[in-house]
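The values are calculated or read from the model by the stated rules, or taken from the named source; none is laboratory data. Note that this is a predicted model, so its numbers are computed, not measured. Every residue, glycine as well, gets a Cβ built from its backbone with ideal geometry; the counts of neighbours run over all protein chains shown.
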Amino acid sequence: MADAARKLDTSSSALAVRDLQAWYDESHILHGINFDVAPGEVVTLLGRNGAGKTTTLRAIMGLIAKRAGAVQFEGRELIALPARTIARLGIAFCPEERGIFSALSVDENLMLPPVIKPGGLSRDDVLTMFPNLRERLSSQGTKLSGGEQQMLAIARILRTGAKFLLLDEPTEGLAPVIVQQIGRTLATLKNQGFTIVLVEQNFHFAASVADRHYVVEQGRVIDMIPNTEIQTNLGKLHAYLGV
Amino acid sequence: MFELLGIPPQALFGQLLLGLINGSFYALLSLGLAVIFGLLNIINFSHGAQYMMGAFVAWMGLTWLGIPYWGALVIVPLVVGTTGVVIERLMISKLYHLDHLYGLLLTFGLALIIQGLFRNGFGVSGLPYSIPSQLSGGTNLGFMFLPNYRAWVVVASLIVCFGTWFAIERTRLGAYLRAATENPTLVGAFGINVPRMITLTYGFGVALAAFAGVLAAPIYSVNPNMGADLIIVVFAVVVIGGMGSILGAILTGFGLGIVEGLTKVFYPEASSVAIFVIMAIVLLFKPAGLFGRTA
């Protein structure tokens, strides 16, 4: 990316990531990630396995101990803050492994994340959005099907009042009908003013929900493609993703 | 009078009661260990010393400040629990990035230091702590004589154990604790202050030990070794029940107390090893303990 982009005015962005680097122990995973997310946008991070997409989300969320660069959220610098403080500023995270607690019932899982600011969905709103969960509230969290667990993982962060969501591969391993339901949910959330960063392997799903796509390769953002130009860039994308 | 297998009922019920009393302490202490182990992954070797501190602080409160038994039941767990909070903040919290063995070594060392300090200050002969006047005497149940204070110990232990179980398994705060035990990183990413929760959990586990110490003060003489003698058995109880299981710790605590009591009736020679024999058998067939979760 051009140097000009690095110094880009970040005041209009909900999230501005500049030269983000991250390490697991000694291995250097992110080598300078740059991207922006405007308020109300749905943005995906696309890329092959091991490109650094998940690591990017975890680094933004403060879950990687060794990280450097700049992550500005609504004008505040997050890079040195612990995860709990970042969460309190209004970023909600849904991990790839979904993170449903087996020691908690579905209802307890749903009610676990504390409300950090007003304006979140009520318990009833959430259960209307995911009606399957309503019938399973007293089940053990991990007794749900994979699709239901994914819905629960998304549902519980919608209650918190955070309007900025980091979703790590919400469609992974799910049946097409469930993927469609999650797609409709994301569209609803966008209409309600949520801003979403989505890590995806499923390119067709990404194209159906997102405004823009960032391509990640070897720990760097190597391209940005608006969803409106996706048809003209299909050849390039296939080369990036190896699909 | 009827007899059971040639055992006079007074002896049988007497030993059953004694078993229940011991079980009350096993349950309270192993519950504290289980709560601490669940969240901190540390085997709190200073638990026995903290139980002993509970008894001593109750004695000091009564002797030096005139704080009666009932006040001590509330104040002592708070005071000793606070020392736990300080120990966690200043020492244990520095070890979380290391192997769990370091936590065990640290708390073992602390136990030796605490016991040594109390031995220096108070000697080993033991200090008397009298039963509160409201609970002195006893009730004749017809088949046996029940000392009121001992009945109270069983009831108090049951109440505290059940209350703790309820708080952990059935409340919002307990859900945080269970979730953080399972995946502290994600709980932190929801905006919950996990390090503070760990500190308070350790303080609470220590407070449970101190509460047991106050309950014990009028029964056993208050002396610096009282915890060291008891804690070995409590560790066996925790191993049998399964590390980190709340209900397991409570049920095994009471159950093994009773088993030990019955052994004293039917085969007294084995009474001091009964729990360890059970531990060996359980470890052979269920290495994670009767109620333990296999990782």
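Among the residues of the range A:62-73, the ones that are within 13 Å of another protein chain (Cβ to nearest Cβ) and buried (at least 23 other Cβ atoms within 10 Å of the Cβ) come to 1 in all.
Residues checked against (1) modelled with pLDDT under 95; (2) under 20 Å from A:L57 (Cβ atoms); (3) in contact with a Cys (Cβ under 6 Å, 6 or more places away or on another chain):
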{"site": "A:K117", "(1), (2), (3)": "yes, no, no"}
{"site": "A:Q149", "(1), (2), (3)": "no, yes, no"}
{"site": "A:A153", "(1), (2), (3)": "no, yes, yes"}
{"site": "A:L158", "(1), (2), (3)": "no, yes, no"}
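All of A:E108, A:E96 fail the test of being touching a residue at least 40 places away in the same chain (Cβ under 8 Å), within 12 Å of chain B (Cβ to nearest Cβ) and acidic (D, E), apart from A:E96. Take the range A:50-79 and flag every residue that is in contact with a Gly (Cβ under 9 Å, 6 or more places away or on another chain) and under 20 Å from A:S27 (Cα atoms). Passing the criteria: A:A51, A:G52, A:K53, A:T55, A:T56, A:A59, A:G62, A:L63, A:G69, A:I79. Total residues in the range A:74-90 satisfying the condition of being under 26 Å from A:E200 (Cβ atoms) and more than 14 Å from chain B (Cβ to nearest Cβ): the figure is 2.
Filtered by the rule that a residue be of a type in the set (G, A, S), surrounded by 12 or more Cβ atoms within 10 Å (Cβ to Cβ) and touching a residue at least 40 places away in the same chain (Cβ under 8 Å), the range B:117-148 gives a lone residue, B:G126. Of A:L57, A:L46, all but one fail to be closer than 30 Å to A:G242 by Cβ, surrounded by 21 or more Cβ atoms within 10 Å (Cβ to Cβ), more than 14 Å from chain B (Cβ to nearest Cβ) and in contact (Cβ under 8 Å) with a residue 24 or more places away in the chain; the exception is A:L46.
Checking each residue in the range A:111-129 for being more than 14 Å from chain B (Cβ to nearest Cβ), assigned to a loop (DSSP other than H, G, I, E, B) and within 19 Å of the chain's Cα centre (by Cα) picks out only A:L121. Here B:L186 meets each of (1) surrounded by fewer than 17 Cβ atoms within 10 Å (Cβ to Cβ); (2) free of Cβ contacts under 8 Å to residues at least 12 places away in the same chain with one exception, condition (1). Of the listed requirements (1) within 14 Å of another protein chain (Cβ to nearest Cβ); (2) within 16 Å of B:F45 (Cα to Cα), B:I232 misses just one: (1).
Go through the range A:1-110 and tell me which strands (runs of 3 or more DSSP E), entirely inside it, have 2 or more residues that are among the aromatic types (F, W, Y).
Filter on the range A:1-110 gives A:15-24.
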